[in-house]
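The structure appears below as structure tokens.
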Amino acid sequence: MTADTQDLVHYDAVVIGAGFAGIYMLYKLRRLGLSAKVYETGDDVGGTWYWNRYPGARCDVESLEYCYSFDPELAQEWEWTERYPAQPEILRYAQHVAERYDLYQDIQFNTKVTRAAFDDRTGRWLVSSAAAIDHIDHNHAPAGATTDLVAADYLICAVGCLSSSNVPDISGIDTFAGEVCHTGRYPKEGIDFAGKRVGVIGTGSSGIQAIPVIAETAEHLTVFQRTPQYAIPARNHPLDPKEQAQVKAEYRRLREKNKAQQGALGARFDWNEGSVLDVEATEAFKEFDARWEIGGFAFLGAYGDIARNPEANHVAADFVKAKIRETVTDPEVAERLIPTTYIGCKRLVLDTDYFATYNRDNVALVDISENTIAEITSRGLCTADGTEHDLDVIVFATGYDAMTGSLLRIDVCGRGGLSLAEQWHAGPRTYLGLSVPGFPNMFTITGPGSPSVLANMIVCIEQHVDWIGDCISYMRAKGHRHIEASEEAAEAWVDHVNLVASYTLYPTCNSWYLGANIPGKTRVFMPLPGFPPYAEKCDQVAAAGYEGFQLISS
Ligand code: NA7
């Protein structure tokens, strides 16, 4: 950047992103008396819940746990309507929070941060942004857009773990005459599927939520499945106001209990530590059955070794496989839907009538694991064996360049012009998932190397924002101008994350946790399993005067 930085508008902090992380960060910075500016590509708050407007979009963490806890009044006043919140309700909640704390005035919407560079001369961050007119491809600012440049002491990246959409590079995609969308960039005005032949590519959480809903209105739905997935019934239902009142009467205790769980969720059901291998198969199946009826992640809490021990995992997987065979009436289709990986190795999906949807006459399942999609034509989609599927709408439910994609699409440069892409060429290297060596005063909320997507995101966000707020307060009190993770601390942290992951079955399959869904992406296990020990470590680091960080005063 060559601009004379003396004359630039200066903020104490610039925050990138106005999702749940960005808006709470703004609230926190305000409370600390700091000036802050938030840049957001969308035209409202909500982050991932702003963009994911696809039919059936719903959170897989229960409403009463998927919300902020920083203000008991907010927690008491907001009433959830369903066990699991649907996208529109989560968006309304984010809007309510932004209005309640008067946050909108410091957020610049429709703006994409294109570059953030640490200026060695002034010791500040220079942040360039541009108007983001094109909402369909929200990852890229339009060429030639006017850019804006501001300076900030702190750069806080609240860009989200699942925001950078992955649209596979399939030849002919631009020639398709019908409508195309990605679940993570779903059009605000929606899509009318009535009377249309629809193709959904992808059977992760998004596909599995969207498929049953689309099937209800589409004339015909073809699901293109690369890898079959385990799904557990969500058993969503309207929330009984009495039940909600009871939970809220002891809300603080529930939220504290949340934080003591590995995934910072599921405080209202038992997490059994025992081994499934210590009980008879009939007893295990009885326990699984009970949890299948409860619905949701309670299933994984049946026994403590499902996520760690292959043999234990098989027992749980066999139970779900039996349920799929029981539900899907065509045995051949059922077999195609049976996963072969460990259960929970890819993120477990919560569903509503997913498997039963394949019993409908207007739904077909196409296995593209070997017979891949060869091309998209003006009329539809053609698989490698030459079969043509005529379609009016193609829905890509193909996921995200998770955890690193949104940050790396911004040109971020640290000390001496070191680019983040270079620093992370062999996979993301952070200390605590919060800080990157060579990038002073830059924080990554729920960054790679922190529990993030393996835990309740809202709890993770609050823990990070509180930690960052405390850190900035400490620096100001002690007269420190810069904080930066040391190379050694980051090196040791990456080793630690890999070691913890190696005790689990997570690294055994081609998941987005490993970056395996993106061609060419370095395979490194990115999130850290286990919220409670992680939060304790962060507290210890702070209590020890920010051990593993260099603090610079001049
Ligand atoms: P996911 O979980 O990454 O699922 C994406 C799906 O798309 C999955 O079935 C993929 O198959 C499939 N996919 C990805 N690329 C391709 C290509 N090139 N061809 C065919 N199929 C493909 O994303 P979601 O949006 O469903 O969920 C993301 C998270 O959001 C979820 O875990 C929750 O945390 C909320 P694959 O399994 O890679 O073979």
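The values are calculated or read from the model by the stated rules, or taken from the named source; none is laboratory data. Bear in mind that the values here come from a model prediction, so they are computed numbers and not experimental data. Every residue, glycine among them, receives a Cβ derived from its backbone with ideal geometry; neighbour counts consider all protein chains shown. Quick note on the areas: whole protein, heavy atoms, side chains included, nothing else; ligands and nucleic acids left out. Shrake-Rupley method; radii C 1.70, N 1.55, O 1.52, S 1.80 Å.
Miscellaneous remarks
- Qualifying residue in the stretch 389-397 (condition: within 16 Å of the ligand (Cβ to nearest atom), assigned to a loop (DSSP other than H, G, I, E, B), open to solvent by less than 20 Å² (accessible area, probe 1.4 Å) and under 28 Å from ALA307 (Cα atoms)): yes
- Qualifying residue in the stretch 7-28 (condition: out of contact with any helix residue (DSSP H, G or I) (no Cβ under 9 Å at 6 or more places or on another chain), surrounded by fewer than 21 Cβ atoms within 10 Å (Cβ to Cβ) and among the β-branched types (Val, Ile, Thr)): yes
- Hey, PRO187 open to solvent by less than 50 Å² (accessible area, probe 1.4 Å) and within 16 Å of the ligand (Cβ to nearest atom) or not: no
- THR430 vs. criteria within 16 Å of the ligand (Cβ to nearest atom), polar (S, T, N, Q) and buried (at least 20 other Cβ atoms within 10 Å of the Cβ): no
- Checking each residue in the stretch 31-87 for being in contact with a Lys or Arg (Cβ under 8 Å, 6 or more places away or on another chain), within 16 Å of the ligand (Cβ to nearest atom) and part of a helix (DSSP H, G or I) picks out TRP51, GLN87.
- Candidate set: the stretch 495-554, residues that are of a type in the set (Phe, Trp, Tyr), within 16 Å of the ligand (Cβ to nearest atom) and not in a loop (DSSP other than H, G, I, E, B); chosen: the one surrounded by the fewest Cβ atoms within 10 Å (Cβ to Cβ): TYR506
- A count restricted to the stretch 353-376 and to residues that are in contact with a helix residue (DSSP H, G or I) (Cβ under 6 Å, 6 or more places away or on another chain), part of a loop (DSSP other than H, G, I, E, B) and away from the ligand (no atom under 13 Å from the Cβ) stands at 2.
- Taken residue by residue, the stretch 406-415 has at least one member that is within 15 Å of the ligand (Cβ to nearest atom), at pLDDT 95 or above and at negative phi.
- Cβ-Cβ distances below 7 Å connect the following pairs, each with a first residue in the stretch 476-493 that is open to solvent by 60 Å² or more (accessible area, probe 1.4 Å), a second residue that is of a type in the set (A, V, I, L, M), and a separation of six or more residues or different chains: ARG481/ILE552.
- The listed residues are PRO448, PRO440, and the only one of them that is crowded, with 23+ Cβ neighbours inside 10 Å and either over 26 Å from GLY530 (Cα atoms) or acidic (Asp, Glu) (or both) turns out to be PRO440.
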